[in-house]
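**Q** Dumping the structure here so I can ask a few things about it.
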Amino acid sequence: MSGYAVANDRLRVLEELEREIAAALQSAGLVILELSKEKPGERLLERQAAQFSAAVLKVEAELSAQIRYLSQV
């Protein structure tokens, strides 16, 4: 694989990571918004909290992979 292809792949991964971070922040914002209501919807809270957790785990794993890659090159 050429240097440009590797760089393009790395950029695509970072762009996906950026989208995951945005999704996590959006889920967290929706949870906070729902909690500010007088009667928060439990289902919505649980769903958004689960989405937040999943996004954070994915971001953490990908950042770890990026750090491992960068420490090897």
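**Q** Among the residues of segment 53-62, which ones are open to solvent by 80 Å² or more (accessible area, probe 1.4 Å) and in contact (Cβ under 8 Å) with a residue 12 or more places away in the chain?
**A** Lys58
**Q** Name the residues in segment 1-48 that are farther than 27 Å from Leu63 by Cα and assigned to a helix (DSSP H, G or I), would you?
**A** Hits for segment 1-48 are Leu33, Glu34, Leu35, Glu42, Arg43, Leu44.
**Q** Which residues, taken from segment 1-38, are of a type in the set (A, V, I, L, M, F, W, C) and surrounded by 14 or more Cβ atoms within 10 Å (Cβ to Cβ)?
**A** Residues satisfying the conditions are Val13, Leu17, Ile21, Ala23, Ala24, Ala28, Leu30, Val31.
The values are calculated or read from the model by the stated rules, or taken from the named source; none is laboratory data. Treat the numbers as computed from the prediction; the structure is a model and nothing was measured. Note: ideal-geometry Cβ built from the backbone for every residue, glycine included; neighbour counts use all protein chains shown. These accessible areas exclude ligands, DNA and RNA; they are computed on the full protein's heavy atoms, side chains included. Shrake-Rupley method; radii C 1.70, N 1.55, O 1.52, S 1.80 Å.
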